[in-house]
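The values are calculated or read from the model by the stated rules, or taken from the named source; none is laboratory data. These figures come from a predicted structure and were not determined experimentally. Note: ideal-geometry Cβ built from the backbone for every residue, glycine included; neighbour counts use all protein chains shown. With ligands, DNA and RNA removed, areas are computed over all heavy atoms of the protein, side chains included. Shrake-Rupley method; radii C 1.70, N 1.55, O 1.52, S 1.80 Å.
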Amino acid sequence: MREYIITTQRLGLRNWLPSDEAPFIEMCQDEAVMKHFPKVLSKEETLGLIGRLKAHFEEHGYCYFAVDLLETSEFIGFTGLANQIWESAFTPCVDIGWRLKRAAWGKGYATEAAAACLNAAFTTFNLNEVLAFATNTNSASEQVMKKLGMNYIGNVQHPLIENDDRFTHCVVYKVLRN
Ligand SMILES: CC(C)(COP(=O)(O)OP(=O)(O)OC[C@H]1O[C@@H](n2cnc3c(N)ncnc32)[C@H](O)[C@@H]1OP(=O)(O)O)[C@@H](O)C(=O)NCCC(=O)NCCS
């Protein structure tokens, strides 16, 4: 059994492994998965992202965790927590994020993994609040925020997408400890 930081009924959340590289590169080149981002990622960009997530885990004990299906050990994407330090009215903060491969959508996995992450955020990691960001066109992501009991607190222009007309604003949601 792999070493999981968090488990749920169906999912195991863990630090990143070399075996995640190939499936995550494929995921991040899927236009549907990356529809709400400025572009798909090159192999090098995805490997860079994995490197940053692993470094974040080493420093803070959490990151956007790699997610496996417990039944098969299949890697299906990420869900987790990350420190956000880009400049805005809502940052610095810790946010919760999710990105799953297309075949894993619509089964409640993102909500299941994220609910466990929020629980860990307020117990294990002793955080007082967690925010979530999504482009205002990303209804599935916003729906996950709502299902988690997070509340809409405003809009923000993310610096990574400010020059992209497809995304005028990101919605911002928040949940407090308790
Ligand atoms: C966002 C994402 C992680 C959701 O994963 P998931 O496991 O399918 O999520 P869940 O099944 O837990 O919940 C999704 C909810 O959104 C709803 N939904 C899905 N597509 C939708 C759409 N186009 N419009 C409105 N609601 C939608 C689902 O019906 C479900 O809500 P319900 O349970 O009330 O019916 C997944 O779609 C994904 O990886 N997308 C690409 C990456 C991405 O955009 N990440 C977020 C960046 S902010």
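Here is how the numbers come out for the structure above:
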{"read-out": "All-pairs Cα distance distribution in the range 47-132, expressed in whole percent, bin size 5 Å", "value": "3, 14, 23, 25, 20, 11, 4, 1, 0"}
{"read-out": "Calculated FRET value between LYS54 and ASN126, using beta carbons and R₀ = 22 Å, to 0.05", "value": "0.50"}
{"read-out": "Cα-based equivalent ellipsoid of the range 76-178: semi-axis lengths in Å, sorted from largest, via gyration tensor", "value": "21, 18, 12"}
{"read-out": "Distant-in-sequence amide H partners of ILE6 (H built 1.01 Å from N, under 5 Å)", "value": "LEU13"}
{"read-out": "Surface per residue (accessible, 1.4 Å probe) for the chain, Å²", "value": "52"}
{"read-out": "Qualifying GluC sites (Glu not before Pro) in the range 126-172, DSSP loop, other Cβ atoms within 10 Å at most 11", "value": "GLU162"}
{"read-out": "Phi to ³J(HN,Hα) by Karplus 6.51 cos²θ - 1.76 cosθ + 1.60 over the range 43-54, Hz, x for Gly, Pro", "value": "4, 5, 5, 5, 5, x, 4, 4, x, 5, 5, 5"}
{"read-out": "For the chain, calculated [θ]222 nm from helices alone, where every DSSP H run of n ≥ 4 adds -39500 (n - 2.57)", "value": "-8500 deg cm²/dmol"}
{"read-out": "Area of LEU160 that stays accessible when all protein chains are in place (1.4 Å probe, Å², to 10)", "value": "140"}
{"read-out": "Candidate residues ARG52, ARG10: accessible-area rank, largest first, probe 1.4 Å", "value": "ARG52, ARG10"}
{"read-out": "Vicinal HN-Hα couplings computed from phi for the range 121-131 (Karplus, 6.51 cos²θ - 1.76 cosθ + 1.60; Hz; Gly/Pro x)", "value": "4, 8, 10, 4, 9, 6, 7, 9, 7, 9, 9"}
{"read-out": "Farthest toward positive dipole pole in the range 6-176 [+1 Lys/Arg, -1 Asp/Glu at C-beta], among PHE167, PRO18, SER141", "value": "SER141"}
{"read-out": "For the chain: rounded, prolate or oblate by the Cα gyration tensor [a/c cutoff 1.5]", "value": "rounded"}
{"read-out": "Selection of chymotrypsin sites (Phe, Trp or Tyr not before Pro), the range 70-178, meeting DSSP coil and at most 15 other Cβ within 10 Å", "value": "TRP86, TRP105, PHE125"}
{"read-out": "Which of ILE25, ILE5 is most accessible, then next, and so on - probe 1.4 Å", "value": "ILE5, ILE25"}
{"read-out": "Cα-projected label distance for TYR152 with SER73, points at 7 Å along beta-carbon direction, nm", "value": "4.4"}
{"read-out": "Surrounding net charge for LEU131, when Lys and Arg each add one and Asp and Glu each subtract one, Cβ distance under 10 Å", "value": "-1"}
{"read-out": "Scattering curve values for the range 1-86, log₁₀ I(q)/I(0), Debye with Cα scatterers, q = 0.11, 0.24 Å⁻¹", "value": "-0.30, -1.28"}
{"read-out": "For ASP165, solvent-accessible area (1.4 Å; no DNA, RNA or ligand), Å²", "value": "140"}
{"read-out": "Heavy-atom accessible surface of the range 6-176: percent carbon and sulfur, 1.4 Å", "value": "52"}
{"read-out": "Peptides ranked, highest mean first, by Cβ atoms within 10 Å: ranges 31-41, 14-24", "value": "14-24, 31-41"}
{"read-out": "Added length on full extension, which subtracts the Cα-Cα distance from 0.36 nm per residue, GLN143 to GLN9", "value": "46.1 nm"}
{"read-out": "Simple label model, 7 Å out from Cα along Cβ direction - THR168 to ASN119, nm", "value": "4.0"}
